[in-house]
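What follows is calculated from the coordinates using simple rules that are stated; it is not laboratory data. Since the structure is predicted, the reported quantities are computational estimates derived from the model, not experimental observations. Counting neighbours? That spans all protein chains shown, and the Cβs are built from the backbone with ideal geometry, glycine included.
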Amino acid sequence: MRRRFGARALPRGVNFALAAAAIAIAIVFPLFFPQGSGWVDDMTIALAYVVMGLGLNVVVGYAGLLDLGYVAFFAIGAYTTGWFMSGFYGDANIHVLVGEFAKALPGIHMNFLIVLVIAAALCAIAGIIIGLPTLRLRGDYIAIVTLAFGEIIRVFAIEGNEITIVGDAKLTAGRQGITPIDKIDLPFIDQFTSLNLRPWYWTALALVLVVLFVNIRLRDSRLGRAWIALREDEVAAASMGIPLVKTKLMAYAVGAAFGGMSGAFLGSFLNTVNADQFAFGFSIFILAMIILGGLGSVWGVVIGSLALSLINTRLIPDVLNDVPSNLGLDFNLVDVNYGIFGFLLVLMMVLRPEGLLPERRRQIELHEGTPGDEALVEVTHA
Amino acid sequence: MNEDPILTTTRVSKIFGGLVAVNDVTFDIPRRRIVSIIGPNGAGKTTFFNMLTGLYRASTGRITFEGKDITRTRPDKITKAGVARTFQNIRLFSTMTAVENVMVGEHSRMKAGIVGSVLRTPWVRKEERTVREKAREMLDFVGVRKDQQEQLASNLSYGDQRRVEIARALASDPTLLLLDEPTAGMNPNESLRLTEFMIRLRDELGLTILMIEHDMKVVMGVSERITVFDHGEKIAEGDPATVRANPRVIEAYLGKQEAA
């Protein structure tokens with residue numbers, strides 16, 4: 001019933017068939033490539049970014065709170081694997097539901113599913129902490145506070161090797177990074193190795209499906225309506241009985257939890273957690289994905305995240321990287337990838353500001369304007 | 001039957017920087033009555049409304065609703081306690097349909113939480129269905145045609161938008177309804193229908209209504225009591241005939257209008 005007010009004008013049956021087909025293709029995708037193929041590798045990372053995009057979509061797309069520090073949750077999620085799935089704390093000897101191999105190692109080694117839950121919980125708390133100072137703010141000001149929060153977390157990551165928790169145990173390994181991280185180890189699934197990437201891919205896909213499901217369900221719920229209401233007009237929303245603080249914090253917490261889950265996955269997949277991964281540019285990268293796809297539109301976000309991620313890992317380094325040198329210019333395209341994202345974003349804003357696969361509400365807001373859309377205009381023009 | 005006023009304000013003021021927008025107003029709203037606040041533009045009427053609904057905090061003074069102090073209560077809690085309002089410049093959620101707007105109004109009466117919504121438990125499904133049905137009934141009640149109910153709020157006619165806003169306010173099951181210039185922009189015929197509707201609300205739902213209104217025909221026709229604001233102060237109060245005869249009111253308000 002509610003689906004009708006969602007993203008598209010297509011009939012529900014067609015939508016459903018399209019979604020089912022897309023998911024089916026996604027599931028069989030890695031079978032067409034060798035186990036360790038670069039394509040599977042890139043797609044796995046792309047799927048992890050989709051999870052982050054969907055998380056940020058809750059905060060920015062649904063609730064209209066412009067978050068420029070989303071990388072913080074990637075960091076916290078990734079560090080959760082650094083702390084609980086590696087030999088980083090060599091003095092501790094804690095093993096929870098892990099395989100024979102990890103059992104023999106010193107350090108804290110927990111099952112990935114437990115770490116996933118811890119990461120989500122830690123990030124939800126961090127999301128609420130970042131949300132609190134922004135509650136009385138609007139638009140640009142929220143962006144500035146969240147940006148600062150992202151930077152604070154990054155500085156903690158860099159300087160964490162100087163911060164002692166107990167004994168010799170430090171907070172992070174700074175720029176050196178915590179490595180190796182335990183491979184994910186789940187029952188009934190092939191071994192997760194760096195040679196066989198299929199299990200990684202399917203795990204990432206499963207995360208995407210879970211997060212997608214939660215996104216859709218929340219959008220069409222009491223909470224989703226409350227988010228849209230406060231995005232459109234906070235004063236009217238409060239006067240209609242929507243508790244602003246609780247509703248906003250809920251958006252921050254949910255969005256952050258997804259970021260943490262993706263971060264935990266990437267921590268294990270990339271096999272290192274290192275402070276340089278968490279630069280400000282990454283927040284913009286994720287934000288660009290969801291703006292490209294269409295703020296608030298779940299399928300738009302999926303497409304935008306996949307597209308930008310593959311442009312980053314495939315198109316720029318592999319296909320187009322030599323173009324400048326062939327033209328006699330002395331740089332690689334990889335060096336200016338953020339410039340390219342910026343250019344794409346500008347292009348998008350000019351040609352199709354509502355995104356590739358826009359959400360209907362957003363489209364109305366952008367083309368007709370609404371009284372309470374100040375924050376929104378700022379988002380789409382960021 | 002309880003004959004205490006449903007809402008009282010005791011020496012309430014609102015000061016913005018150096019500007020005294022509302023000055024020392026003591027006021028009450030009798031139960032199950034339709035009362036009005038009138039006054040020239042900038043008299044502090046809407047500011048006063050915003051204090052009653054928690055959007056502004058009174059600088060001094062005390063506001064009680066149903067005997068409970070709500071001076072420092074958050075807007076959503078005041079709504080939950082039973083005060084609902086509409087706005088002078090319609091503030092519908094324009095990208096939502098009429099039905100969805102009214103469903104937002106029911107927010108404070110709903111219980112679905114985040115986990116229940118994700119799992120969409122039978123209980124949550126039932127609640128959503130009930131709320132949607134109630135929203136439709138509300139729209140029927142205020143007179144929004146069925147074929148308009150699934151339209152986006154921004155596509156509705158002005159009169160329908162006003163009606164949807166009233167339906168949205170009613171959806172929170174209020175006992176006190178505050179209407180801020182409900183007939184603004186309506187033609188005399190529509191105004192008359194709205195007046196009749198307010199009487200129905202009072203008689204059928206037992207609501208108490210406080211409205212700010214500029215249309216003297218509406219005010220004099222429906223109000224059981226009128227309070228006059230000027231420069232942030234309450235300058236007169238009484239039944240329509242008394243207020244109309246009050247020289248201060250004529251000077252501050254009606255006089256000006258006649259001159260214009």
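Laid out as a table, the results:
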| read-out | value |
| --- | --- |
| Label point 7 Å beyond Cα of A:ASP140 along Cβ direction - residues of the stretch A:49-82 with amide nitrogen under 18 Å | A:65-69 |
| 0 to 90° range, to nearest 10: angle between helix B:188-205 axis and chain B longest Cα axis | 70 degrees |
| Amide H within-cut-off set for B:ALA236, under 5 Å, with H built and near neighbours excluded | B:VAL228 |
| Span from the the stretch B:39-74 Cα centroid across to the the stretch A:147-203 one, whole angstrom | 53 Å |
| Distance between modelled label sites at A:ASP335 and A:LEU18, nm, 7 Å Cα→Cβ extension | 4.2 nm |
| Charge dipole (the protein assembly as shown, unit charges on Cβ, about Cα centre) - positive-most of A:LEU113, A:LEU351, A:ASN321 | A:LEU113 |
| For B:113-120, mean number of other protein chain Cβ atoms within 10 Å | 5 |
| B:ARG145-B:MET216 pseudo-label distance in nm [points 7 Å out on the Cα-to-Cβ vector] | 3.6 nm |
| Pairs from A:LYS246/B:LYS134; B:LYS77/B:LYS146; B:LYS14/B:LYS134; B:LYS45/B:LYS111; A:LYS248/B:LYS234 whose Cα-Cα separation, in the structure shown, is over 27 Å | B:LYS77/B:LYS146; B:LYS14/B:LYS134; B:LYS45/B:LYS111; A:LYS248/B:LYS234 |
| Label zone at B:ARG33 (point 7 Å along Cα-to-Cβ), backbone N below 17 Å, the stretch B:59-87 | B:64-67 |
| Over the stretch A:35-280, relative contact order from alpha-carbon pairs under 8 Å, at least 6 apart, % | 40 percent |
| Rounded tilt (10° steps) of A:298-310 against the dominant C-alpha axis of chain A | 50 degrees |
| Fully extended contour minus Cα-Cα distance, from A:ILE125 to A:ALA92, at 0.36 nm per residue | 9.4 nm |
| Cα-based Rg and Dmax for the protein assembly as shown, where Dmax is the largest Cα-Cα distance (Å) | 29.0, 95 |
| Cut-off of 10 Å, at most 11 other beta carbons, DSSP loop: longest stretch of chain A lacking such chymotrypsin sites (Phe, Trp or Tyr not before Pro) | A:1-187 |
| Average beta carbon contacts from partner chains per residue of B:80-87, 10 Å cutoff | 2 |
| Length added when fully stretched, B:ARG125-B:ARG193, from 0.36 nm per residue minus Cα-Cα | 20.8 nm |
| FRET efficiency, 1/(1 + (r/R0)^6) with R0 30 Å, evaluated for A:LEU344 and A:ILE25 via beta carbons | 0.75 |
| Packing-based exposure ordering (other Cβ within 10 Å, fewest first) of B:THR208, B:THR71 | B:THR71, B:THR208 |
| Loop-located GluC sites (Glu not before Pro) in the stretch A:134-179 whose Cβ has at most 16 other Cβ within 10 Å (DSSP) | none |
| Amide hydrogen neighbours beyond the local backbone of A:HIS109, cut-off 5 Å, H modeled | A:ILE94, A:HIS95, A:VAL96 |
| Exposure proxy order (Cβ contacts within 10 Å, fewest to most) of B:ARG202, B:ARG120 | B:ARG120, B:ARG202 |
| Residues with amide H under 5 Å from that of A:LYS170, placed H, sequence gap 5 or more | A:ILE165 |
| Efficiency of FRET between A:LEU195 and A:GLU100 - r from beta-carbon atoms, R0 22 angstrom, step 0.05 | 0.70 |
| Within the protein assembly as shown, percent of DSSP bridges classed antiparallel, to nearest 5 | 55 percent |
| Proximal lysines relative to A:LYS183, as straight alpha-carbon distance under 29 Å, when same-chain residues fewer than 8 apart are discounted | A:LYS103, A:LYS170 |
| In order through the stretch B:90-102: 3J(HN,Hα) via Karplus (6.51 cos²θ - 1.76 cosθ + 1.60), integer Hz, x for Gly, Pro | 2, 10, 7, 7, 6, 8, 9, 6, 4, 4, 4, 4, 5 |
| Potential lengthening between A:ARG314 and A:ILE163 on full extension [0.36 nm per residue; Cα-Cα distance subtracted] | 50.6 nm |
| Environment charge of A:PHE112, counting only residues whose C-beta is closer than 12 Å and scoring Lys/Arg +1, Asp/Glu -1 | -1 |
| Value in Å of the Kirkwood radius, where the stretch A:35-280 supplies the Cα pairs that are averaged | 18.6 Å |
| Projected label distance in nm at B:SER59 and A:PHE188, using a 7 Å step from Cα toward the beta-carbon | 6.8 nm |
| Other protein chain Cβ atoms within 10 Å, averaged over every residue that makes up A:285-298 | 0 |
| Between helix B:122-142 and chain B: long-axis angle, C-alpha atoms, 0 to 90°, nearest 10 | 40 degrees |
| At R0 = 30 Å, FRET efficiency that the Cβ-Cβ distance of B:ARG200 and B:ASN89 yields, to 0.05 | 0.75 |
